[in-house]
Amino acid sequence: MGITSINLETELPSNGSKQYWEGQVLRASIANWDRLGTGIVMRPATSSGGKYRPGEYDGNYEGIYVAKDVRRVNRTFFININARKIRSNLPDSVKNDSFHWNRTVTSHELGHILGIADNPTDVPSGEYSMMIYPPTRGPFYNRFPDFGYYDLPTSYDGREASRCTSKSTVP
């Protein structure tokens, strides 16, 4: 039997807005995956083994997913969304659209919870994956298919999430 639900507890820094990060960004990111009909329910929760931690981090990453235990039973993981790095890397033309980019990074990291790796190599010709990003330009700056990056999960991502979550472990 595969994974059917994933609970995410939001942990915010003292100056973080739960209404923005959980109420808007996380819920919109979950909706991106729900529209694909994978049958996997992701939802915010008050306590769980999955932590969604948006904040201002010193690290050189926009988003990171770390699994502490890949077994299905009691699997724990966290996602950090680095708003500082996202903001500093955005081109001037989109600096005022931080919600879009925060949602895109969060959606990408949710893909890792579902078992999809960065830069999958088995994407069929003519299809795209939001898990692919051009490594020389950074992951979240280009929404055009000729660079192979989409800002929303695609039908390939939905099929891959269903395949990965049906296995006995996910990364």
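The values are calculated or read from the model by the stated rules, or taken from the named source; none is laboratory data. Quick caveat, the model's predicted, so the values are computed rather than measured. Every residue, glycine among them, receives a Cβ derived from its backbone with ideal geometry; neighbour counts consider all protein chains shown.
Filter region 75-116 for residues that are in a helix (DSSP H, G or I) and of a type in the set (Asp, Glu); which is farthest from ALA161 (Cα to Cα)? Among those that are in a helix (DSSP H, G or I) and of a type in the set (Asp, Glu), it is ASP92. Counting only residues that are at pLDDT below 80 and assigned to a strand (DSSP E or B), region 1-54 holds 2 of them.
Do we have any residue at all in region 111-122 that's aliphatic (A, V, I, L, M) and either at pLDDT below 85 or more than 23 Å from ASP34 (Cα to Cα) (or both)? Steps first, answer last, please.
First, the residues of region 111-122 that are aliphatic (A, V, I, L, M): 113-114, 116-117.
Those left that are additionally either at pLDDT below 85 or more than 23 Å from ASP34 (Cα to Cα) (or both): none.
No, region 111-122 contains no residue that is aliphatic (A, V, I, L, M) and either at pLDDT below 85 or more than 23 Å from ASP34 (Cα to Cα) (or both).
For region 21-47: of the residues being hydroxyl-bearing (Ser, Thr, Tyr) and crowded, with 16+ Cβ neighbours inside 10 Å, which is nearest to TRP101 (Cα to Cα)? Looking at residues that are hydroxyl-bearing (Ser, Thr, Tyr) and crowded, with 16+ Cβ neighbours inside 10 Å, I get SER29.
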